[in-house]
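Colleague: Provided herewith is a single structure, encoded as structure tokens, for subsequent inquiry.
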Amino acid sequence: MDFNNVPTPSYIIDEKKLKDNLTILKDVREKAGCHILLAQKAFSAFCEYPLIKEYLSGATASGLFEARLGHEEMGLENHVFSPAYKPDEIEEIADICDHVIFNSFAQLGKYGKIVADIHKDQESRSKSANEPSYTGIGLRINPECSTQEDAIYDPCAKGSRLGITLSAFEKGLEEYGDVFKYVDGLHFHTLCEQNSDDLETTLKAVEEKFGKYLSLPQIKWLNMGGGHHITRADYDIEKLIGCVKSIKEKYNVEVYLEPGEAIALNAGYLVTEVLDIVDNDLKILVLDASAACHMPDVLEMPYRPPLRDSGKPDEKKYTYRLSSCTCLAGDIIGDYSFDKEIHVGDRLIFEDMAIYSMVKNNTFNGMCLPSICAMDEKGDVRLIKKFGYEDFKMRLS
Ligand SMILES: *Cc1c(COP(=O)(O)O)cnc(C)c1O
């Protein structure tokens, strides 16, 4: 199959691009001597986990379900962070996750011992003398260092629930001093689509505020979260490697990075077909893909997705507004221009559609979920999964 005969709409994962990204990340892993995990919330296409596991250290999760997916389909290092855990899921989480990261001292107080006991039990069962002895319990800190403008993507914004501020950390130590002994790592996540100069700035704030805790002998690892746009062309990889190495040496810790976007950046497409053309001041294409259902970040971020062989409005001869079959008037992907007139039945290809797409889509208006396809290095496309009415009905009752 190729792009002309996949069912529409379809996401197509570009395995060559994915491999190119993974090659860069593996190189960083080796040169910096750090662990790199797939943040599954950005990209959970587990049909590609056998490929990904050849390059990365493992996966990280936002909760039990992603943790299970990483455990079942990747089977390497498995980590989890959630702002809060539920009592009925913590044992399973502890059982399948090497690192469990808490967002507050209260959560540590509630679950720290349970997780530590389960991890200790596993260690004595596995009896692997070479494995370092550790509890695999971390606290997420908030260095209160904003390096981005957009509050919606900034865990350091005023009033953020994400991470423990220094003052809360000091108060927590007083109140929960007895369970702090279970903690053997710290975690921060403050970046979004950023370069390594912002990581450098953030690390200065982390050291200034939390350096004394990082220096404690019980602290064995530092997780620097995601948002590192490592595979973007202008990313300064050497600076990243320098940052990681200097922290490793100074504090004698293992370093973890958990990018999501960087793993599948520009490694996917959404193929859609033009179903109708409506004329109302301008020509509006009605597509079988929807911003609201299939690329929600277009409306949430908001941003203009790249579209193959197109230009900005009026840049090329024929300009159209791209829209969909939902009832939402604002379900508009954007205005694009083309060299050739567009006809009903034509196919359009949106680019950079692997990340935050399949993991976020929905069936609003009873729209069908796009099929998932993969394209190998030769350009051959195969269908991985097709969805239908049952997938819509299954989520309702
Ligand atoms: C979102 C998130 C990531 C991944 O972020 P990307 O921007 O996709 O690289 C990693 N860790 C945590 C805790 C996150 O919330």
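Since every read-out is calculated from the coordinates, none of them should be taken as a lab result. This structure is a prediction, so every number in the text was calculated from the model and none was measured. Cβ placement follows ideal geometry from the backbone for every residue including glycine, while neighbour counts extend to all protein chains displayed.
Colleague: Over region 33-264, calculate the relative contact order: mean separation of alpha carbon pairs under 8 Å at least 6 apart, over the residue count, as a percent.
Modeller: Relative contact order here is 20 percent.
Colleague: So, one more: For Glu200 and Lys245, compute 0.36 nm times the residue count separating them, minus their Cα-Cα distance, and round to one decimal in nm. Please report the intermediate quantities before stating the final value.
Modeller: Details: separation 45, 0.36 × 45 = 16.20 nm, distance 1.20 nm.
Length difference between fully extended and current span is 15.0 nm.
Colleague: Can you put Glu15, Glu377 in order of Cβ neighbours within 10 angstrom, beginning with the fewest?
Modeller: By the 10 Å Cβ count, ascending: Glu377, Glu15.
Colleague: Going through region 87-169, which GluC sites (Glu not before Pro) have at most 11 other Cβ atoms within 10 Å and a DSSP loop state?
Modeller: Details: sites: Glu89, Glu91, Glu92, Glu123, Glu144, Glu149; in loops: Glu89, Glu144, Glu149.
Listed in order of number, the matching sites are Glu149.
Colleague: Sticking with this one: Antiparallel as a % of all DSSP beta bridges within the chain, to the nearest 5?
Modeller: About 45 percent, rounded to the nearest 5.
Colleague: Among DSSP beta bridges whose residues both lie in region 33-264, state the antiparallel percentage, nearest 5.
Modeller: 0 percent
Colleague: Would you mind getting me the FRET efficiency between Asn5 and Ser397? Use the beta-carbon distance for r and R0 = 41 Å, nearest 0.05. Could you put the intermediate results ahead of the total?
Modeller: Working: r = 36 Å, r/R0 = 0.87.
Computed FRET efficiency for Asn5 and Ser397 comes out at 0.70.
Colleague: When the C-alpha atoms of region 33-264 are aligned to their principal axes, what extent does each axis show, in angstrom, from largest down?
Modeller: Principal extents (largest minus smallest coordinate, Cα): 46, 45, 33 Å.
Colleague: Based on the inverse mean of 1/r over its pairs of different Cα atoms, what is the Kirkwood hydrodynamic radius of the chain, in Å?
Modeller: This gives a value of 22.6 Å.
Colleague: Sticking with this structure for a sec: Mind listing the phi-derived Karplus ³J(HN,Hα) values for region 182-195, rounded to whole Hz, using 6.51, -1.76 and 1.60 with θ = phi - 60°, and x for any glycine or proline?
Modeller: Computed from phi, the couplings for region 182-195 are 6, 7, 10, x, 10, 9, 9, 9, 9, 9, 8, 6, 10, 8 Hz.
Colleague: Any idea what the relative contact order of region 111-247 is, in percent, if you count C-alpha pairs under 8 Å spaced at least 6 apart?
Modeller: Details: 178 pairs, mean separation 34.5, N = 137.
Value for region 111-247: 25 percent.
Colleague: Could you work out the relative contact order of region 1-85? I mean the mean sequence separation of Cα pairs under 8 Å and 6+ apart, divided by the number of residues, in percent.
Modeller: Averaging sequence separation for qualifying contacts and normalising by length gives 23 percent for region 1-85.
Colleague: Give me a comma-separated list of calculated 3J(HN,Hα) values for region 353-359, in order, Karplus coefficients 6.51, -1.76, 1.60 applied at θ = phi - 60°, integers in Hz, x for any Gly or Pro.
Modeller: 10, 7, 8, 6, 10, 4, 6
Colleague: Between His343 and Glu238, what FRET efficiency follows from the Cβ-Cβ distance if R0 is 51 Å, with the result rounded to 0.05?
Modeller: Step by step, r from the Cβ atoms, then E = 0.55.
Colleague: On the principal axes of its Cα set, how long, how wide and how thick is region 35-140? Give whole Å, largest value first.
Modeller: In descending order, the Cα extents are 37, 33, 22 Å.
Colleague: Expressed as a whole number of Å, what is the distance separating the alpha-carbon centroids of region 348-395 and region 63-99?
Modeller: After rounding, the separation between the Cα centres reads 25 Å.
Colleague: Another question, then. Residue separation times 0.36 nm, minus the C-alpha to C-alpha distance between Asn365 and Ala168: what's the value?
Modeller: Between Asn365 and Ala168, full extension yields an extra 66.5 nm.
Colleague: What's the exposure ranking of Lys393, Lys212, going from fewest to most Cβ atoms within 10 Å? Show your work: numbers first, answer last.
Modeller: Working: Lys393 11, Lys212 8.
Result, fewest neighbours first: Lys212, Lys393.
Colleague: Turning to a different aspect of this structure: Starting with the fewest neighbours, write out His99, His229 ranked by other beta-carbon atoms found within 10 Å of each beta-carbon. Mind showing how you got there, number by number?
Modeller: Values: His99 26, His229 20.
Ordered from fewest to most neighbouring Cβ atoms within 10 Å, His99, His229 come out as His229, His99.
Colleague: May I pose another question? To the nearest 0.05, what FRET efficiency results for Lys31 and Glu377 with a Förster distance of 25 Å applied to their C-beta separation?
Modeller: The computed FRET efficiency comes out at 0.50.
Colleague: Ok, one more. Quick check: pseudo-label points 7 Å beyond the Cα along Cα→Cβ at Lys316 and Cys47, how many nm apart are they?
Modeller: If labels sit at Lys316 and Cys47, their model points lie 2.8 nm apart.
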